[in-house]
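See below for the structure under consideration.
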Amino acid sequence: MDQYEVLWAGFGGQGVMVAGQLLAYTGIKEGKNVVWLPSYGPEMRGGTAYCTVVISEQRIGSPIISNPRAAVVFNRPSFDKFSPRIKAGGLLLVNSSLIDVTTDRDDVTEILVPANRMALDAGSPKATNIAMLSAFVGATEVVKYENLLATLEEKLGKKKELLEINRAVMLAGYELGQKAMKGAGKKVKA
């Protein structure tokens, strides 16, 4: 891996920033160079929130990425704004629980992740971001699953009940991402 840039985007309160931070912390745990750059809309909850995470084996030249290699979008406004910016050959993960359209681009791989449903099935809507994060890691292997799980336990392990739900969602999301990439055409409905 030379450098991997991923943009995380959704409404404030969906856990977009936490997902980006967990990925960044895991990259640091693995000894990689990492940048996490947040951006908030004027409102904290309900406004647009996004962050960019860059993970690299080499020094990172700039944290500003106009055209990321991947985007993980949690809502329709984020889909509309950021899916056109992905580099050709890149990856788009879509929260298909809230986004009912797909991209018309044929130069990216699109994975539809029913993240809200996965989180609710496991017992908490707060785990939606973990479903998206783990599906991304399963699809890209940009960090190791066991290190991501260790980071999750370190950062979110204070509430045992929620930790168990997050672990279950993380495994399901990771397996979904791996399965999607093994059968990857350009659009993958998981």
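We did not get these values from a lab; they are worked out from the coordinates using the rules stated. Because the structure is a prediction, the values reported are computed rather than measured. Cβ atoms come from the backbone with ideal geometry, glycine included; neighbour counts cover every protein chain shown.
Structure notes:
- DSSP bridge orientation in the stretch 3-189 - percent antiparallel, rounded to nearest 5: 50
- Qualifying trypsin sites (Lys or Arg not before Pro) for the stretch 1-86 [loop in DSSP, other Cβ within 10 Å: at most 14]: Arg45, Arg59
- Per residue, the convex hull volume that the Cα atoms of the stretch 58-168 enclose (Å³): 120
- Computed over the stretch 3-189, relative contact order equals 21 percent, with contacts defined as Cα pairs under 8 Å that lie 6+ residues apart.
- Area projected by the alpha carbon convex hull of the stretch 3-189, averaged over all directions, nm²: 9.6
- Projecting the Cα positions of Ile60, Met118, Leu91 onto the charge dipole of the stretch 54-170 (unit charges on Cβ atoms of Lys, Arg, Asp and Glu, taken about the Cα centre) puts Ile60 furthest along the positive direction.
- For Glu146 and Gln3, the FRET efficiency from 1/(1 + (r/R0)^6), where r spans their Cβ atoms and R0 equals 30 Å, is about 0.85.
- Extension gain for the segment Lys159 to Glu30, taken as residue separation times 0.36 nm less the Cα-Cα distance, is 43.9 nm to one decimal.
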